[in-house]
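*Asks:* Following this message is one structure expressed as structure tokens.
The values are calculated or read from the model by the stated rules, or taken from the named source; none is laboratory data. These numbers come from a predicted model, not from an experiment. Methodologically, a virtual Cβ is constructed for each residue, glycine included, from the backbone with ideal geometry; neighbour enumeration extends over all protein chains shown. With ligands, DNA and RNA removed, areas are computed over all heavy atoms of the protein, side chains included. Shrake-Rupley method; radii C 1.70, N 1.55, O 1.52, S 1.80 Å.
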Amino acid sequence: MRKKIVKLPEAEGDRVGESGSGPLFKLLIVGDSAAAGVGVSQQEQALLGKLTNQLSDRYRLAWHLEAKTGNTTDETLTQIEALPNQTFDLVVISTGVNDVTSKLPVNTWRKQLLNMHDLIEQKFKAKEVFYSA
């Protein structure tokens, strides 16, 4: 069945930018295909676009999307490690599906997720960390 599944492209559009006005609010989205916008044509229609539309009404929003189709939690962790240290008010994480489909043991996934959470809090001084369902 996996051989027959059509691989959809990631949404087109900017992955780093600013929008809105008001106090500065910094957003980082990391993860897999759901975060990368697979299933829609433009980032404005994806998770990034939905969040930026809501937050730009109240804030000068600086946003960054760091996501790739197929990413496991460990691969997302590696991407995060490569980013420069900076501060984010909100980090949204979308990961786990590819860990399940690759049959990663749950305990291993939990350890990776805890490591990711710790890294995000230390590296980005994140005020809030949300996990996408």
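*Asks:* If I go through region 92-113 residue by residue, how many of them are over 15 Å from ALA34 (Cα atoms) and within 16 Å of the chain's Cα centre (by Cα)?
*Replies:* 2
*Asks:* Under 9 Å between Cβ atoms, which residue pairs at least 6 apart in sequence (or on different chains) link something in region 86-100 that is closer than 19 Å to GLY70 by Cβ with a partner that is assigned to a helix (DSSP H, G or I) and charged (D, E, K, R)?
*Replies:* Close Cβ pairs satisfying both conditions: THR95/GLU75; ASN98/GLU75; ASP99/ASP74.
*Asks:* Do we find that LEU48 is touching a residue at least 12 places away in the same chain (Cβ under 8 Å) and part of a helix (DSSP H, G or I) in this structure?
*Replies:* When the stated conditions are applied, LEU48 passes them.
*Asks:* Considering only residues that are assigned to a loop (DSSP other than H, G, I, E, B) and within 17 Å of HIS117 (Cβ to Cβ), which ones fall in region 58-85?
*Replies:* ASN71, THR72, LEU83, ASN85 - these are the residues of region 58-85 that are assigned to a loop (DSSP other than H, G, I, E, B) and within 17 Å of HIS117 (Cβ to Cβ).
*Asks:* Still on this structure, please answer the following. Counting only residues that are aliphatic (A, V, I, L, M) and free of Cβ contacts under 8 Å to residues at least 24 places away in the same chain, which one in region 101-133 is nearest to LEU27 (Cα to Cα)?
*Replies:* ALA133
*Asks:* Further, regarding this structure: Exactly one condition in (1) in a helix (DSSP H, G or I); (2) over 23 Å from THR72 (Cβ atoms) is false for ALA34; which is it?
*Replies:* Exception for ALA34: condition (2).
*Asks:* Take the residues in region 47-67 that are at pLDDT 95 or above and of a type in the set (D, E, K, R); name whichever of them is surrounded by the most Cβ atoms within 10 Å (Cβ to Cβ).
*Replies:* Among residues in region 47-67 that are at pLDDT 95 or above and of a type in the set (D, E, K, R), the one surrounded by the most Cβ atoms within 10 Å (Cβ to Cβ) is GLU66.
*Asks:* Kindly establish whether PHE130 is of a type in the set (Phe, Trp, Tyr), out of contact with any Ser or Thr (no Cβ under 8 Å at 6 or more places or on another chain) and closer than 27 Å to GLY20 by Cα.
*Replies:* The answer is yes for PHE130.
*Asks:* Sticking with this structure for a sec: Scan region 68-94 for residues that are of a type in the set (Gly, Ala, Ser), open to solvent by 20 Å² or more (accessible area, probe 1.4 Å) and under 21 Å from GLY17 (Cβ atoms) and jot them down.
*Replies:* ALA82
*Asks:* Just to be sure before I move on: is ASP14 of a type in the set (Asp, Glu) and touching a residue at least 40 places away in the same chain (Cβ under 8 Å) in the structure I sent?
*Replies:* Criteria not met by ASP14.
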